[in-house]
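Student: Starting off with a structure, shown below.
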Amino acid sequence: MKLRKVTAASAVVLALAVTATACGSDNKKDSGSSGSGGGKITVGIKFDQPGIGQKTPQGYAGFDVDVATYVAGKLGYKPDQIQWKETKSAERENALSRGDVDFIAASYSITPARQQKVDFAGPYLLAHQDVLIRADDIAIKSPSDLNSKKLCSVTGSTSAQNVHDKLAPKAQLQQYPTYSACLTGLQNKAIDALTTDDSILAGYASQAAFKGKFKLGGFKMTNENYGIGVKKGSDLKAKINTALEAMVSDGSWQKAVDKNFGPAEYKNEPAPKIGNIVS
């Protein structure tokens, strides 16, 4: 009789231990830092950049989304195991350091200042600052032609100021709250040109509503090396680099470029070599 009591008590303790373990497993976030698959992986992207990273009623779309999905697949995660998290430009480093995301693919240019705070895999795209103009505009053929023209960029961006300071000192700077507002102004001839990274411009121009209405200047005013950000010291960097190399070699990288930027006739640079940062 005494033995049965001890056995029953042990069974209760064992059941409680199993329950506690199961609950802990359900609530624990799988960070994906080991790249071993299973669970979930959280990826930071932009939600408001057509062609790059955009949240739509149908899901998430854009070049960065395609790159991140491919990389996650190589790390062992299926598309339905990816948790997409919006990471605005000012919050990217903080999101990585806090562990809010496992990696970030969000038109994230590699710079020395950022490399002090996070590690970068890649680069996976070489973009350039450029301008978007109306398709029928034949007056703007070089950056100097922006003198006396109304040049738009979003509030808080340094793109237009860079052009003004270095290339077209007489350009009339216009600040709009969003790129979409700049596009409307460009379409209505309230402004003459919109400036930011050519990849972002191509993404906007590729939207069905704007197809054939705009063109890229092709000026290549800066080099923007897009990398995938990971937490400082993360072993994901090497694994993501391997995935990016595979994406290029099997043709998936070029397919993603054509799919997201093709309608804007974006003349992309060849896929950059891992670790080659063009200054």
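Student: Within segment 96-112, can you find the residues that are in a loop (DSSP other than H, G, I, E, B) and buried (at least 18 other Cβ atoms within 10 Å of the Cβ)? Show your work before the answer.
Tutor: First, pick out the residues of segment 96-112 that are in a loop (DSSP other than H, G, I, E, B): 99-102, 105-108, 110-111.
Selection gives V101, D102, A105, A106, S107, Y108, I110.
Student: What tally of residues in segment 151-175 results from selecting those that are assigned to a strand (DSSP E or B) and open to solvent by 60 Å² or more (accessible area, probe 1.4 Å)?
Tutor: Result for segment 151-175: 3.
Student: Does D136 fit the bill of being farther than 30 Å from D235 by Cα and part of a loop (DSSP other than H, G, I, E, B)?
Tutor: yes
Student: Scan segment 176-195 residue by residue and report those that are farther than 15 Å from K149 by Cβ and aliphatic (A, V, I, L, M).
Tutor: A181, L183
Student: If K231 meets every condition in (1) out of contact with any helix residue (DSSP H, G or I) (no Cβ under 6 Å at 6 or more places or on another chain); (2) within 19 Å of A105 (Cβ to Cβ) apart from one, which number is that one?
Tutor: That leaves (1) as the condition not met.
Student: For segment 116-131, check the following and say yes or no: at least one residue is at pLDDT 95 or above and open to solvent by 70 Å² or more (accessible area, probe 1.4 Å).
Tutor: There is at least one residue in segment 116-131 that is at pLDDT 95 or above and open to solvent by 70 Å² or more (accessible area, probe 1.4 Å).
Student: I'm trying to understand the selection: among the residues of segment 226-237, which are more than 16 Å from the chain's Cα centre (by Cα), within 19 Å of P112 (Cα to Cα) and not basic (K, R)?
Tutor: If the condition is that a residue be more than 16 Å from the chain's Cα centre (by Cα), within 19 Å of P112 (Cα to Cα) and not basic (K, R), then G233, S234 are the ones that fit.
Student: Also, I was wondering about something else. Do any strands (runs of 3 or more DSSP E) entirely within segment 37-93 hold 2 or more residues that are of a type in the set (D, E, K, R), surrounded by fewer than 24 Cβ atoms within 10 Å (Cβ to Cβ) and modelled with pLDDT of 95 or more, and if so, which? Let's see the steps before the verdict.
Tutor: Details: elements: 41-45, 53-56, 59-61, 82-86.
Per the criteria, 82-86.
Student: Continuing with the same structure: If S148 passes every condition in (1) of a type in the set (S, T, N, Q); (2) part of a helix (DSSP H, G or I); (3) over 30 Å from Q116 (Cβ atoms) but one, which one does it miss?
Tutor: (2)
Student: Then there's this: If you take the residues in segment 224-252 that are among the polar types (S, T, N, Q) and either open to solvent by less than 10 Å² (accessible area, probe 1.4 Å) or not in a helix (DSSP H, G or I) (or both), which one is farthest from G44 (Cα to Cα)?
Tutor: N225
Student: Moving on to the next point. Criterion first (closer than 24 Å to S279 by Cβ and either in contact with a Lys or Arg (Cβ under 8 Å, 6 or more places away or on another chain) or of a type in the set (S, T, N, Q) (or both)) does E86 satisfy it?
Tutor: Working: closer than 24 Å to S279 by Cβ: no; either in contact with a Lys or Arg (Cβ under 8 Å, 6 or more places away or on another chain) or of a type in the set (S, T, N, Q) (or both): yes.
No.
Student: Residue pairs, Cβ under 9 Å, 6 or more apart or interchain, first in segment 49-77 and on the phi > 0 side of the Ramachandran plot, second among the basic types (K, R). List them.
Tutor: Note: pairs meeting the criteria are G62/K46.
Student: Now for a different question. Name the pairs: first residue in segment 79-91 and farther than 17 Å from I52 by Cβ, second residue at pLDDT 95 or above and hydroxyl-bearing (S, T, Y), Cβ to Cβ under 8 Å, at least 6 apart or on different chains?
Tutor: P79/T69; Q83/T42
Student: If a residue has to be under 20 Å from A127 (Cα atoms) and charged (D, E, K, R) to count, how many in segment 156-179 make the cut?
Tutor: 1
Student: Related question: Does D145 qualify as being in contact with an Asp or Glu (Cβ under 8 Å, 6 or more places away or on another chain) and among the charged types (D, E, K, R)?
Tutor: no
Student: Look through segment 262-279, keep the residues that are outside any helix (DSSP H, G or I) and modelled with pLDDT under 95, and return whichever of them is farthest from R134 (Cα to Cα).
Tutor: S279
The values are calculated or read from the model by the stated rules, or taken from the named source; none is laboratory data. Keep in mind that what you see is a predicted model, and the values were worked out from it rather than measured. For neighbour counting, all protein chains shown are included, and Cβ atoms are generated from backbone atoms with ideal geometry for every residue, glycine included. Accessible surface areas use protein heavy atoms only, side chains included; no ligands, DNA or RNA. Shrake-Rupley method; radii C 1.70, N 1.55, O 1.52, S 1.80 Å.
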